[in-house]
1. Condition first: at pLDDT 85 or above, out of contact with any Lys or Arg (no Cβ under 8 Å at 6 or more places or on another chain) and of a type in the set (D, E, K, R). Can you find one or more residues in the range 25-48 that meet it?
2. Considering (1) modelled with pLDDT under 70; (2) loosely packed, with under 10 Cβ neighbours inside 10 Å; (3) β-branched (Val, Ile, Thr), say which one ILE9 fails and leave the rest.
Amino acid sequence: MFKELNESIKACRRQDRGTKPLDKLFDDMDNVKDKFFKDIDKALPKEVTYISRLEKENESIDKDREKLWKHNADLQAKIDKLEKKLAELVNICSDDQVRELAYILKRNKEDLSKEINQECEQEKGREVEL
């Protein structure tokens, strides 16, 4: 665009000093300016679209994070329930039965804890990707 303007100025110098070369120069300057602003206008919607897409992705991640927290709270509630049952069974059962149940409940608690940790690691991995 500046190249066109420069060429117009050179053409004016070559021509006689009448009003037509100046008129052409000003017309060329207006055309270059209009083209410049049209190019800017074309670029802006792309940026807005990109920002909108990022906002939607953030909303989706926030919803996923809320679901994960709810799921983790549910898992923690299950763990608490299992521990409460263990305490109740300890009062009812013999020592051998208590040991066996304690082992089973401990294993279940470890499995649930591993599941929670894996989901947390996956969530951290998704946050790092952004």
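The values are calculated or read from the model by the stated rules, or taken from the named source; none is laboratory data. Since the model is a prediction, treat every value here as computed from it, not as a measurement. In this analysis, Cβ positions are derived from the backbone assuming ideal geometry, glycine residues included, and neighbour counts consider all displayed protein chains.
1. Of the residues in the range 25-48, the ones at pLDDT 85 or above are none.
No, every residue in the range 25-48 fails to be at pLDDT 85 or above, out of contact with any Lys or Arg (no Cβ under 8 Å at 6 or more places or on another chain) and of a type in the set (D, E, K, R).
2. (2)
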